Each structure stands twice: as C-alpha cells, then as structure tokens.
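What follows draws every value from the coordinates through simple rules; no lab data is involved. Fair warning: this is a prediction, and the values are worked out from it, not measured in the lab. Please note: Cβ atoms are built from the backbone with ideal geometry, for glycine as well, and neighbour counts cover all protein chains shown.
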Amino acid sequence: MKSFLIILVVALVTALLRFLPVYLLGRKDQKLPENVLYLTRFMPAAIIGLLVIFSLKGTNLSSWPHGIPEMAGVLLAAALQHYKKNTLLSVFSATALYMILIRVL
C-alpha cells in the first residue's frame, strides 16, 4: 500500500508539472513571455549537448577500441538527424550501431 501511495504522489506531481504550464500559458489570446520563447529556442540543443557529454564522459581513449563505438554512434546519430530529421531513427540506429560495435571490436 505504501508503494502505491508513493507512485500515486509521484504521478500526480508529474502530471501537475506537465499541465500547469499549459494551463498558465495556453491562452490563445495571450502571447508567451520572451524568456519562455528564449528557452523553447535554446533548451533542446543544450539538453542534447549535456546528454552527449554525459554519455561520453566514461569513454576510455587510451585503450582498445579507443572510443570507436561511441564516436561512430554519435556521428551516425548526428548524420541521420541532419539528413532525415527523424529523432527515433537517429537514436535507434546509433544505439544499434554502438551495440554491434562493442560486441565486434
């Protein structure tokens, strides 16, 4: 019962955090504040950058395979995202390539 209550509270807080900005800023006759527009423009790239850095921080370049699987995955994801503009394709393809390379190399 305790676990259920914890999950319920977490779900309610998560839903509140998702719906509150929509409720507060979602009026059709109201223009979004400049700081919100700024965040919507630059936050996705900043988050992706942080995720890439966090993912690559443990890469050992001094021993075999010298980070080849990691770099190949990053390059494939970047290339697919640039040319196809499909995030799921980019993430799944890069992950598959990385998983194959860590088994083969």
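Observations
- Of the peptides 41-54, 82-95, the ranking by mean beta-carbon count within 10 Å, highest at the top, reads 82-95, 41-54.
- The chain gives an Rg/Rh value of 1.14, both radii derived from C-alpha positions and Rh following Kirkwood.
- Segment 57-99: radius of gyration and largest Cα-Cα distance (Dmax), Å: 11.3, 34
- Angle between the chain longest axis and helix 87-104 axis [Cα atoms, degrees, rounded to 10]: 30 degrees
- For the chain, adding -39500 (n - 2.57) for each run of n ≥ 4 DSSP H residues and dividing by the number of residues yields -27000 deg cm²/dmol at 222 nm.
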